[in-house]
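Okay, structure first, notes after.
Here, each number is a calculation from the coordinates, and none is a lab measurement. Everything numeric in this text was worked out from a predicted model, so none of it was measured. No Cβ is skipped: glycine too gets one built from the backbone with ideal geometry, and neighbour counts run over all protein chains shown.
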Amino acid sequence: MKLYSYYRSSASFRVRIALNLKGVRYTQIPVNLKLGAQLSDDYQSINPQRLLPALETSDGLLTQSFAIMAWLDEKFPERLLVLGDAEQRAKIRALAAILGCDTQPLQNLRVLKYLSSEIGVTEAQRLQWSQHWIRDGLSAFDAQLKEDAYSVGKVASLADICLIPQLYNARRFGIDVASEFKRLAEIECRCLSQEAFQRALPEQQPDYIPD
């Protein structure tokens, strides 16, 4: 498989974790969002939406991280990302959506660029915007957790796959995760003790560039 990815893309980060948890081998094709490589004709022919990630598979080219991870669960069901009874699966999907659908897109690079270039917000206002929505999403996520080892239950799930990239983003935008979201930081620590999560970290990617 070929994964079109950018080391700091949250959606790519999610799919890397999922692939690693599944034990699926893949090759990364870096697409530098900061330099606008996603806007090239070559990449647009792969993904007309010009977003990451995209996964080249035996079933064709897949886009959208949630669709890719659902495909992975159907294709490789030995290690499910959405598991348990119907209620637990719904809980996992709901928590994942809080961060993957309602929170992370608001800090997406194209959104932040639009705020600056088209609306004229300052860097300080852009940071305030990002911090507000990150705190809002993480607070809602945290409020719905029970006393489980992971976000839902005893095994890392789709909810945790969405949580870890969002906590990484939170720190990038100056939020002290350890003090503001202690329980989430504890879950993060358990996740990062696993090789599948460690290998998916931005700094472990072939296109990583230190800030």
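Could you tell me the calculated FRET efficiency between E147 and E74, based on Cβ-Cβ distance and R0 = 30 angstrom, to the nearest 0.05? The pair E147/E74 has a calculated efficiency of 0.45. In the chain, taking the dipole from charged Cβ atoms about the Cα centre, the farthest positive-side position among I209, T122, A96 is held by I209. Each residue of segment 92-99 was assigned a 3J(HN,Hα) from its phi angle through the Karplus expression (A = 6.51, B = -1.76, C = 1.60, θ = phi - 60°), giving 4, 5, 5, 5, 4, 5, 3, 8 Hz with x at Gly and Pro. Scoring 82-88, 98-104 by mean Cβ neighbours within 10 Å over their residues and listing the highest first yields 98-104, 82-88.
Residue exposure proxy: R171, R89, ordered by other Cβ atoms within 10 angstrom of their Cβ from fewest to most, comes out as R171, R89. Please name which of A159, L35, A149 has its Cα lying farthest along the dipole of the chain towards the positive end, using unit charges on Cβ (Lys, Arg +1; Asp, Glu -1) and the Cα centre as origin. The listed residue farthest towards the positive side: L35. Within the straight-line cut-off of under 20 Å between alpha carbons, the aspartates and glutamates reachable from K91 are D73, E74, D102, D136, D142, E147, D148, D160, E186, E188, sequence neighbours fewer than 8 places apart in one chain being disregarded.
Computed about its Cα centre, the charge dipole of the chain is approximately 120 debye, with only Lys, Arg, Asp and Glu carrying charge at their Cβ.
How charged is the neighbourhood of W129? Take every other residue with its Cβ under 12 Å from the Cβ of W129, and add Lys/Arg as +1 and Asp/Glu as -1. Provide the component values of the computation, followed by the final result.
Details: positive: R126, R135; negative: E123, D136.
Value of the local net charge: 0.
Each Lys and Arg Cβ is given +1 and each Asp and Glu Cβ -1; about its Cα centre, segment 36-90 then shows a dipole of about 120 debye. The label point for Q125 and the one for E203, both projected 7 Å from the Cα toward the Cβ, are 3.4 nm apart. Counting 0.36 nm for each residue step from E56 to Q88 and taking away their Cα separation leaves a gain of 8.5 nm. If Lys and Arg each add +1 and Asp and Glu each add -1, what is the summed charge of the other residues whose beta carbon sits under 15 Å from the beta carbon of V24? Once positives and negatives cancel, what remains is +2.
Please order I175, I134, I209 by the number of other Cβ within 10 Å, starting at the fewest. Don't skip to the end; give the middle numbers.
Details: I175 18, I134 27, I209 11.
Fewest-to-most Cβ neighbours within 10 Å comes out as I209, I175, I134.
Between amide H atoms placed 1.01 Å from N, distances below 5 Å from S5 occur with I29, V31, all of them 5 or more places distant or on a separate chain.
Once a ≥ b ≥ c are taken as the square roots of the eigenvalues of the Cα gyration tensor of segment 86-194, is the result rounded (a/c under 1.5), prolate (a/b larger than b/c) or oblate (a/b not larger than b/c)? Don't skip to the end; give the middle numbers.
Details: a/c = 2.58, a/b = 1.88, b/c = 1.37.
Taking the square roots of the gyration eigenvalues as a ≥ b ≥ c, segment 86-194 is prolate.
The ranking of D160, D136 by Cβ neighbour count inside 10 Å, starting from the fewest, reads D136, D160. With the cut-off at 1.5 for a/c, could you classify segment 4-112 from its C-alpha gyration tensor as rounded, prolate or oblate? Oblate.
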